[in-house]
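The values are calculated or read from the model by the stated rules, or taken from the named source; none is laboratory data. A quick note: this is a predicted structure, and the numbers were derived from the prediction, not measured. A quick note on method: Cβ atoms are made from the backbone with ideal geometry, for glycine too, and the neighbour counts reach across all protein chains shown. Note: accessible area is taken over every heavy atom of the protein model, side chains too, but ligands, DNA and RNA are not part of it. Shrake-Rupley method; radii C 1.70, N 1.55, O 1.52, S 1.80 Å.
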Amino acid sequence: MRILEILRKNILSILLFFTSSIIIIGSFLYYFWALNNISYFILLFLSLISTTIFSYFIIYKSYRQETEERVTVNSRTKKINLLLFILSFFLFLFLVFVLIKGSSNSAIISPWHLVPSYFYLIFALFLILVFFSFYFQSIFSKTLVVLTYFLFFSISFFIYKIAFGYDQLLHQRALSEILQFGFINPKTFYYVGQYSLEFFLVKTLPFKLELISRVLVPVLSAIFVPLSFFKVFKNKLKFNYYILILLLLLPFSIFTYTVPQNLAFFFLAILIIFSLNRDFVSERKNYIFLSALALASFFVHPLAGVPAVIFVFILFLSNFKIIKQSFWQGVFKKENKTEIVKKILITISYLAQIFVLPILLFFVGGKLSWPQINFSFLIPRFLGQENVFLNLIYFLFFNRFYIFLILFLVGIYFWFKKNKEEKNREDWSNIYFYNFLALFSSYILSLFVSFSFLSDIDKNSYSQRVLIISLLFLIPVFLNLFLEIIERVKKQEKSFKFYSLLFLLLFLLSSLYLNYPRKDNYFNSRGYSVSSSDFEAVKLIEDVKINDNYIVLANQQVGAAAIKELGFKRYYDGWLYYSVQTGGLFYDYYLKMLDRPSRGLIEELLSQIEADNAYVVVNDYWWAYERIINEMKIEADSYYQTSDGKVLVFHFDFVK
C-alpha cells in the first residue's frame, strides 16, 4: 500500500522522467544505429529500467511523508461542486463538438472564420463555472484547469483537418521515412528527440502517426504544465487555480501545435516550473530529474536545449552550498577556493547563455549583417473602427509592448520586494532574472545574424525563438505578480471582485483569439493552411507527368503536400524538385512567374539545372489570380485543374 501511495503522489515526476528517457535513449539509438522494431524493444526496456531505478532510489528510498492540505466541505457544497463539474464538463464537450464541426481541409488563414460567434459566449460560461468551482474549493478543480488548458491549446488541432502549418507535414514525412527505413540521411543533430518520442508512441498506441504528431504538444502542455504547478505549489493549493488561469493571459501559442521547437519549449517550461520548488532543487538527487528534462529539450531542439542544460548547471552550482553573498559581491574578499571556483563557473555559464546561441546560428547557415528593426510597435494605438470586442482585442495587441513593459516592471518590483522579505531567497531566485538578462542579450546579438536563403518573413524566426526562450525565464516573475494581484483582489469589496472577474473573462477571450492566426479588419496573418486541393494537385502532376525529370514551382503548402505524399524524392543542385523553401532558387523563380508569367523564365531556370520540363502551380487565393492564370495559359504548353477548381497546374515542356 505504501508503494502505491508513493506512486500516486509522484506519478507526474515518473511520467516526465519516462518521457525524457524515451527521448534521450531513442536519440542515442538513432544516432548510433536506427529506430526499428528491435530498437523499439531496446528503447522500451532501457527506459523502463532507468525509470524504475529513478523511482526506487530517488523517490521511494528518500520518500518523506507529507501532510496534504485537505479541504473539508459540507454535503451541500459537495452537491454544488458536483453540479458545477457536470455543467462544466457538458459545456466542455459542447465546445469540442463545435470545434470538430467547424474543422476543414480547405485552405484557410484563420481558424476563427470557422467558429460560430456563440462559441465565445459558451466559452465564457464555461470559464464562469470553472471560477465558481474554484470558489467552492471543488475537488474537481484540477481536472477543470486541465480541461481549460486543453481548450486554449487545441483550437488548431480541431479546426485544421490536415495540419497546422507547413512544418508539421515535413516532420510527419520524416518520421514516416524513419518508420520505414529506420533513419533518414543525413542524420541531423536536431529534431531527433521528437522523432524518437513519436516513433515510440506510434509503435505503442493504436493511433495513426498524423494524429499523434498533431496532438502531441497541445496534449502534453495541457496536462503537464498545470499539473507541474500543482506539484510545485502544493502548499498554496487554494490559489493555484486562479494563478494558472491568469497565466493564460500571457502568450501561449508555442503550446498550440506540434513542431520540434515547441516540444523543446515545453520541456524547458516544465524544467523552469519544477526548479521553482526550493526544497526540490536543494537536494542533489533531484538534479537527475532536472537534467533529464534539460537533455530531452536538447535532443528535441538544441536552440532551447542548450540554455536548459546551462540553466541546470547554474542552478546546481548556486544551491550547493548556496552562496550567501549576492552574485557580484565577495569577489575581493577572502573565500575558500571552492566558492571562488564556483563563482567563476557561474560567471562563465552566464556568458555562455549570452554567446552560445548566436554562435549556433552561424553553424546553421547564419551570416553577420546589420539588423532591420521595425520600431512601429513603439507607437501607441487607439482604435475604434470595429465592434467593442474587436477594439478591445486590438487595443491590447497593438499596445502589447507597453502592457508587457508595465507588467514586467511591476512584476520585478514585487519580485525583489519578496526577495528582501524572505531570508536566503535572493541568490536562488535571482537566477531566473539573470538567465533572462543573459538570454535577452543573446536575442539582441542574434538580431545581427541573418539567413539570406530565407524570405523576409522567416529571416527573423530564429532570433524570435531566442526571445521566447528568454521570456520563459520570466515565468516566476509573472507567477509572483499574479499572486500579488489575487491577494489584493481578495481584500476588496464584492462589487470590485465582480468587475475584476468580468474583465478577466474579456482578457482571457482576447488572449485566446490573439494566440491563433487571424484575418480581420485589423490584422491578416496571411499564411494559408495546407488543403486537400494541394494534395490533389500533387497527385494530378504525378498522373500527367511525361517523365521524372521535372521540377514544380509552387507555394510552400503544395510543396509540403508533395513531401508528405512523395517524400524527399529528387534534388537538383541541392534543391528539392518542389519549391518548398521561401527564399530558395525555385521559389524566387516562382514569384517571378506570378509577377510576370514568361516561358523564358522557366527556360532560364531549367538551363541552370538538369531538368527538362516544369510545372507551375497556382492557388486561387493568390492576389491577381485571374490575371496570373490568363497570362499563364498563353505561355504554358498545357494546363490542368483540380476537381474543385481551386488549383491550376501549368506544364512547360522543353523535352528535346
The residue that is modelled with the highest pLDDT, considering only those in segment 173-216 that are outside any helix (DSSP H, G or I) and among the charged types (D, E, K, R), is 208
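Taking the criterion of being open to solvent by 20 Å² or more (accessible area, probe 1.4 Å) and on the phi > 0 side of the Ramachandran plot, would at least one residue in segment 525-538 satisfy it?
Yes, some residue in segment 525-538 is open to solvent by 20 Å² or more (accessible area, probe 1.4 Å) and on the phi > 0 side of the Ramachandran plot.
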Picked from segment 117-163 (must be out of contact with any helix residue (DSSP H, G or I) (no Cβ under 6 Å at 6 or more places or on another chain), open to solvent by 40 Å² or more (accessible area, probe 1.4 Å) and in a loop (DSSP other than H, G, I, E, B)), the residue nearest to residue 645 (Cα to Cα) is 161
Pairs returned, first residue in segment 237-255 that is at pLDDT below 95 and among the aliphatic types (A, V, I, L, M), second residue that is open to solvent by 20 Å² or more (accessible area, probe 1.4 Å) and in a loop (DSSP other than H, G, I, E, B), beta-carbon separation under 7 angstrom, 6 or more apart or interchain, are 237/69
Listed by first then second residue, the pairs whose first member lies in segment 572-601 and is among the basic types (Lys, Arg), whose partner is open to solvent by less than 30 Å² (accessible area, probe 1.4 Å), with beta carbons under 8 Å and at least 6 positions apart or on separate chains, are 599/636; 599/652
Within segment 93-148, the residues that are farther than 17 Å from residue 80 by Cβ, touching a residue at least 60 places away in the same chain (Cβ under 8 Å) and among the aromatic types (Phe, Trp, Tyr) are 112, 120, 123
Within segment 490-508, restricting to residues that are open to solvent by less than 90 Å² (accessible area, probe 1.4 Å), of a type outside the set (Gly, Ala, Ser) and modelled with pLDDT of 90 or more, the one that is farthest from residue 273 (Cα to Cα) is 502
Residue set 339, 386, 335; condition acidic (Asp, Glu), more than 22 Å from residue 439 (Cα to Cα) and either under 33 Å from the mean Cα position of the chain (by Cα) or at pLDDT 85 or above (or both); output residue 386
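Here is a yes/no grid of residues against (1) without any contact (Cβ under 8 Å) to a residue 60 or more places away in the chain; (2) polar (S, T, N, Q); (3) out of contact with any Cys (no Cβ under 9 Å at 6 or more places or on another chain); (4) not in a helix (DSSP H, G or I):
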position: 510; (1), (2), (3), (4): no, yes, yes, no
position: 516; (1), (2), (3), (4): no, no, yes, yes
position: 521; (1), (2), (3), (4): no, yes, yes, yes
position: 529; (1), (2), (3), (4): no, yes, yes, yes
position: 540; (1), (2), (3), (4): no, no, yes, no
position: 547; (1), (2), (3), (4): no, yes, yes, yes
position: 565; (1), (2), (3), (4): yes, no, yes, no
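Against the condition under 24 Å from the mean Cα position of the chain (by Cα), surrounded by 13 or more Cβ atoms within 10 Å (Cβ to Cβ) and at pLDDT below 80, how does residue 366 come out, does it pass?
When the stated conditions are applied, residue 366 passes them.
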Scanning segment 588-603 for residues that are open to solvent by less than 30 Å² (accessible area, probe 1.4 Å) and either of a type in the set (Ser, Thr, Tyr) or outside any helix (DSSP H, G or I) (or both) gives 589, 590, 597
